[in-house]
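Since every read-out is calculated from the coordinates, none of them should be taken as a lab result. Values in this document were obtained by computation on a predicted structure and should not be read as measured data. Quick reminder, even Gly has a Cβ in these numbers, built from the backbone with ideal geometry, and neighbours come from all protein chains shown.
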Amino acid sequence: MVPVSPNEGSEKQILRIKILEMFSEFRLETVLSRLIEPPRVESLQTSKLRLQDLGALTQQEKLTPLGYHLASLPVDVRIGKLMLFGAIFRCLDPVLTIAASLASKSPFVCPWDKKEDANKKKQEFAVGNSDHLALLQAYKAWRTVIRENSRAGYQYCRENFLSSRVLQEIASLKRQFTELLSDIGFVKEGLRARDIEKRWGQKGDGVVESTGEEANTNAENIKLMSAMLCAALYPNVVQVKSPEGKYQVTRAGAVKMQPKAEELKFVTKNDGYIHIHPSSINFQVRHFDSPYLVYHEKIKTSRVFVRDCSMVSVYPLVLFGGGQVNVELRKGEFVVSLDDGWIRFAAAASHQVAELVKELRSELDQLLQDKIKNPTMDLCTCPRGSRIIAMIVKLVSTQ
C-alpha cells in the first residue's frame, strides 16, 4: 500500500523562504539550491501549484496573507489551513478534532475476523456522506462517555471498534494545536497544552473549556464543517459520475430508478478514474446530493483508492477553491466554473453568486492581511470581520 501524496516538506520550505523574500533579497530557487538535498524541479513545481490551489501563493508566486499565517504553523499546510479556518469561522473544537485525526490516524479499527461488524458500527456514526464527520461523531461520543466515567471509555471503544490509544492521541494533538493557534493570535493568548491537560484532561481534551464558547459558536453546523474540509483539502476533489437514468414503469407512471452503488464512477482531474476504499462510509452509497467529494490522501495497491472522503457542495468549492472564478453564458443560462472548467454549476443567479464569491474571497484575504499588521486583532469580534464571516457562514449553510 503506497500513499500518493505531495512533498509536504517542500511546501513548508517554500512558504518560509517566501517570507524571507518579503524582507530581503533572498530568492526561492537560490536558497533551495544551497540545501544539502535540494528538491527536484518537478517536485518544486508541483508544490508551488498546490500552494496556489490552497491560496497560499498567487499565480505570480507571491506569498498571500494566508500563506504568511500557514508558514507560522509547524504542521502540514492543509492541516494548518483547516486549523486557521476553524478559528476564523468559530467552529474550533470540531475542526481541531478533524485536523488532529489527519495528523494522526483513524481511530476506527477493523479486526480481520470482524470486518462486517466493524463496518456496521462505523456506519452508525455516518453523517453528511463524510468519513471525517463520522470520525468527529465517534470522538464526540467517546468524549461524552469519559466525562461521565473515564473507565467507561474503554468499554465504549470495544463496543464501537475504536482505538482508545488513538483517541487519546487525537486529544493530545488538539491541545497542542490550540497552543500553536494561541501563539499566533488566532485564539486566546497564553494557552499551553500542558496547562490545558492538567486542568481539563481527565474529562476530555479541554479545548472548548480553554478557548471559550465564542470560539465554538458554529460547532454544530455540519454544512460549515464540510465547507472547512473543502477549504483545507482542495484541490483533492473527486467527481461522482452517475450512469444514464433508468426508469421503472409503475401505476403512477415512469419512475427514475436509483443507480446501484457499483454503477457510480469516481474521477479526479489528474488521475482519471479512481475508487472509494471499502472502509469508507461512502463505499456503498447509491446517491450523493452533491457530485463532488474531497479527500486527504490517495493510496495505491492494485488500484488507486481514496480511503477517507467527504461530500461537499458547490458553493464551498467556488468560494474556497483555488484559481479564477469564471462566468459564461451557455444556452441561455449563466455557468460558474473554476479549475479550468473542471468544476462548474449553473443556477438562476449564477452571475450574482460569482460576483459575491469574488467579493467575499477578497474580503477574507484582506482580513488575513489586517491580522498580519495587527496580530492581536480578533477577526470574529471586529465589526468588518464579523460581518464578512457571518455572510460566508450563511452562504455555505443555506445551499
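Quick notes on this one:
- Check: the range 97-180 dipole with +1 on Lys, Arg Cβ and -1 on Asp, Glu Cβ, in debye: 160 debye
- Taking each of Lys48/Lys241; Lys115/Lys223; Lys188/Lys373; Lys115/Lys300; Lys120/Lys300; Lys12/Lys394 in turn, the alpha-carbon distance tops 23 angstrom for Lys48/Lys241; Lys115/Lys223; Lys120/Lys300; Lys12/Lys394.
- In this structure, Trp112 and Gln155 have a Cβ-Cβ separation that, at R0 = 25 Å, corresponds to a calculated FRET efficiency of about 0.65.
- Global geometry of the range 103-240, whether rounded, prolate or oblate, following the gyration tensor of its Cα atoms and the 1.5 cut on a/c: oblate
- Measuring against 19 Å, Cα to Cα, the residue pairs Lys174/Lys203; Lys121/Lys298; Lys81/Lys122 contain Lys121/Lys298; Lys81/Lys122 as the ones spanning a longer distance.
- Estimated FRET transfer efficiency when R0 is 22 angstrom, pair Ala390-Asn326 (beta carbons, to 0.05): 0.25
- Kirkwood estimate for the range 35-179, i.e. one over the average of 1/r between Cα atoms, Å: 17.3 Å
- Available extension along the chain between Glu124 and Val285 is 56.6 nm, counting 0.36 nm per residue and deducting the alpha carbon span.
- Here the 3J(HN,Hα) profile of the range 385-394, calculated from phi with Karplus coefficients 6.51, -1.76 and 1.60 at θ = phi - 60°, is x, 4, 5, 5, 5, 4, 5, 5, 4, 5 Hz, Gly and Pro shown as x.
- Mean Cβ neighbour count within 10 Å, used as a protection proxy, ranking 145-156, 282-293 highest first: 282-293, 145-156
- Relative to the Cα centre, the charge distribution of the range 271-399, modelled as +1 at Lys and Arg Cβ and -1 at Asp and Glu Cβ, gives a dipole magnitude of about 220 debye.
- Highest-first arrangement of 77-86, 208-217, where packing means the average Cβ count within 10 Å: 77-86, 208-217
- Most tightly packed first, judged by the mean number of other beta-carbon atoms within 10 Å of their residues, the peptides 221-227, 309-315, 339-345 read 309-315, 221-227, 339-345.
- Across the range 44-59, coupling constants 3J(HN,Hα) worked out from phi with the 6.51/-1.76/1.60 Karplus curve, θ = phi - 60°, read 5, 5, 4, 5, 4, 5, 5, 5, 5, 4, 6, x, 8, 10, 7, 4 Hz, and Gly and Pro carry x.
- At an R0 of 51 angstrom, the distance between the Cβ atoms of Glu363 and Ser302 translates into a FRET efficiency of 0.65.
- More than 25 Å apart - percent of Cα-Cα pairs taken over the range 266-399: 42 percent
- Pairwise centroid distance, computed over Cα atoms, of the range 306-338 with the range 119-176, Å: 33 Å
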